[in-house]
Amino acid sequence: MAALLNDFDLVLFGGGGDLAMRKLLPAIYALSGNKVWPAGARIICVGRHDWTREQYLESVEQNARPHVPEGAWTDERWQAFLSRFSYVSIDASDPGSYRNLAQALRPGQDITRVFYLATPSSLFATICQHLADNGLATPQSRVVLEKPLGRDLDSARQINAQVGRVFDESQIFRIDHYLGKEAVQNLLALRFGNILFEPLWRREWISDVQITIAEQIGVGNRMGYYEPSGALRDMLQNHLLQLLCIVAMEPPESVTADAVRDQKLKVLRSLRRFTPHTLVQNVVRGQYRSGHVNGVPVPGYLHEPDANPHSRTETFVAVRAEIDTWRWAGVPFYLRTGKRMADSLAEIVIRFKPIPHSIFAQPASSFQPNSLVIRLQPNEGLHLNLMAKTPGDGMRLKPVDLELDFRETFKKPRMEAYERLLLDVLRGHLTLFMRSDELEQAWEWVEPILRFWDQDENEPVPYASGTWGPAAASALIGRDGLQWREEALPEV
Ligand code: BG6
């Protein structure tokens, strides 16, 4: 039976923002139904608006409640959840206003204090400094930092250093919600809880790896955040690289935080750095134009509300990466992500090498090489694609799927990524969070791309909404004689 959490004060900076309403508050609500939830849990939301508690709760009702899954909502639990809230109005950069927060916090060693900074990362250092100056950052405090942390290597280093002056590394939780996804943890189980794949998990047997996070949604009402970020800062530097690390890392000696983070760090260090010359061939950036998603007409990025009509911000990025280690030398890792794509899915495809010789009448070239698809969303599961004989006379082989659907197999309620990660923060478990050196390595790898794009005269390549991105992304993988998975799938 899991141990009860210590009583806590969870201070949510950016408590009125989009992330808090869509993800964090619904996750905290879900946690409030967990057996480990303590009677003395308090949630202190901090925002710029000069709201009363009632006004804030009205906004929670309007904006967060619709994101609580139907089956999980009961009036009684919702009211109990709301009763734990207080609201404090703070101007994050005004040291004086932190006095209001001091009054809302409970003193005492038995209370865990969590400062969750769901704000732009440019405010992280200031907030931490003011917390320290007001004596609020106690030894039993933790701080959670949302991604993207910084805009480039330099700013990330500065933030790490400044936050590090207030909090010890063991108190800092740099969040990447992809690491909290059930299927990502299942990838750890698949790799290190089974003997089957490990001998094959290397250059001798794997031809290439594809990692895709595609979204049908556009930038929506997040233009203020997205325009200066783009797909590279929003998705590639963090989510995609973290997935790549979990696929490519060497077996850690245990799942303790540093054991796992040491191995991920080695992968990031071994990623081949781009030069302006290699960049042109290995990186594609795109921007969506109008089109149809699920049959519904949608505007292009430049015509979204509050758009800059001359924006060069990329909404799609595809990269061919290489890892210079004995295990992975010569195996391309294709990463891609985009908004307004043909489908919403996140998956990792491991493609094995072709058979060396056919003993059947069919030539070896007609055999589809085996592949393992790890589906993160929707429908988390594993698909192992094998060749099998079709029934009947003769020896005709065709590809078939061995499928493991996690929802079907484990008929248990799921934990959303933020729910699991918040629970880890409250328990003080750091394994699923990024360490400062890991984060800086990830920035170091993307930095040449950022610098090149800043000076590049070419615009991002346009692609129609509702497609799989620009043709240049197909050409990128096509140069190796390969296709993205959806392009290679037979018509049904
Ligand atoms: C966030 C990005 O980190 O991840 C968003 O800022 C993106 O732009 C989201 O939409 C995707 O997450 P998920 O869990 O919906 O795949």
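The values are calculated or read from the model by the stated rules, or taken from the named source; none is laboratory data. Quick caveat, the model's predicted, so the values are computed rather than measured. Reconstructed Cβ throughout: ideal geometry from the backbone, glycine too, with neighbour counts over all protein chains shown. Surface accessibility is based on the protein's heavy atoms, side chains included, excluding ligands, DNA and RNA. Shrake-Rupley method; radii C 1.70, N 1.55, O 1.52, S 1.80 Å.
Some points to look at:
- Within the range 5-15, the presence of a residue that is open to solvent by 40 Å² or more (accessible area, probe 1.4 Å), part of a loop (DSSP other than H, G, I, E, B) and hydrophobic (A, V, I, L, M, F, W, C) is excluded.
- Among the residues of the range 197-211, those that are open to solvent by 10 Å² or more (accessible area, probe 1.4 Å) and not in a strand (DSSP E or B) comprise Phe197, Glu198, Pro199, Leu200, Arg202, Arg203, Glu204, Trp205.
- Restricting attention to the range 217-227, the residues that are more than 10 Å from the ligand (Cβ to nearest atom) and closer than 24 Å to Leu153 by Cα total 3.
- Residues satisfying the stated conditions in the range 228-280, i.e. more than 16 Å from the ligand (Cβ to nearest atom) and polar (S, T, N, Q): Ser254, Thr256, Gln263, Ser270, Thr275, Thr278
- With respect to the conditions (1) farther than 23 Å from Thr126 by Cβ; (2) among the hydroxyl-bearing types (Ser, Thr, Tyr); (3) under 29 Å from the mean Cα position of the chain (by Cα), Tyr87 falls short on a single one, namely (1).
- Filtering the range 427-448 to residues that are surrounded by fewer than 20 Cβ atoms within 10 Å (Cβ to Cβ) and over 18 Å from Leu240 (Cα atoms) leaves Arg427, Gly428, His429.
- Met415 vs. criteria among the aliphatic types (A, V, I, L, M), open to solvent by 80 Å² or more (accessible area, probe 1.4 Å), touching a residue at least 12 places away in the same chain (Cβ under 8 Å) and not in a strand (DSSP E or B): no
- Filtered residues of the range 164-195 (kept if more than 16 Å from the ligand (Cβ to nearest atom), assigned to a loop (DSSP other than H, G, I, E, B) and of a type outside the set (A, V, I, L, M, F, W, C)): Asp168, Gly193, Asn194
- Scanning the range 95-104 for residues that are open to solvent by 30 Å² or more (accessible area, probe 1.4 Å) and either touching a residue at least 24 places away in the same chain (Cβ under 8 Å) or among the β-branched types (Val, Ile, Thr) (or both) yields a count of 4.
- Taken together, the criteria place Ala214 among residues that are within 16 Å of the ligand (Cβ to nearest atom) and either open to solvent by 10 Å² or more (accessible area, probe 1.4 Å) or among the small types (Gly, Ala, Ser) (or both).
- Checking Leu397, Leu376 one by one, the residue that is open to solvent by less than 20 Å² (accessible area, probe 1.4 Å), out of contact with any Pro (no Cβ under 6 Å at 6 or more places or on another chain) and not β-branched (Val, Ile, Thr) is Leu376 and no other.
- If you go through the range 123-147 and keep only what is within 16 Å of the ligand (Cβ to nearest atom) and open to solvent by 20 Å² or more (accessible area, probe 1.4 Å), you end up with just Lys147.
- Those residues of the range 373-399 which are aliphatic (A, V, I, L, M) and in a loop (DSSP other than H, G, I, E, B), in sequence order: Met395
- Strands (runs of 3 or more DSSP E) contained in the range 248-348 and holding at least 2 residues open to solvent by 20 Å² or more (accessible area, probe 1.4 Å): 283-293, 296-298
- Remark: pairs (first residue in the range 218-237, more than 18 Å from Pro305 (Cβ to Cβ); second residue in a loop (DSSP other than H, G, I, E, B) and more than 12 Å from the ligand (Cβ to nearest atom); Cβ separation under 8 Å; 6+ apart in sequence or on different chains) = Ala231/Glu314; Leu232/Glu314; Arg233/Arg151.
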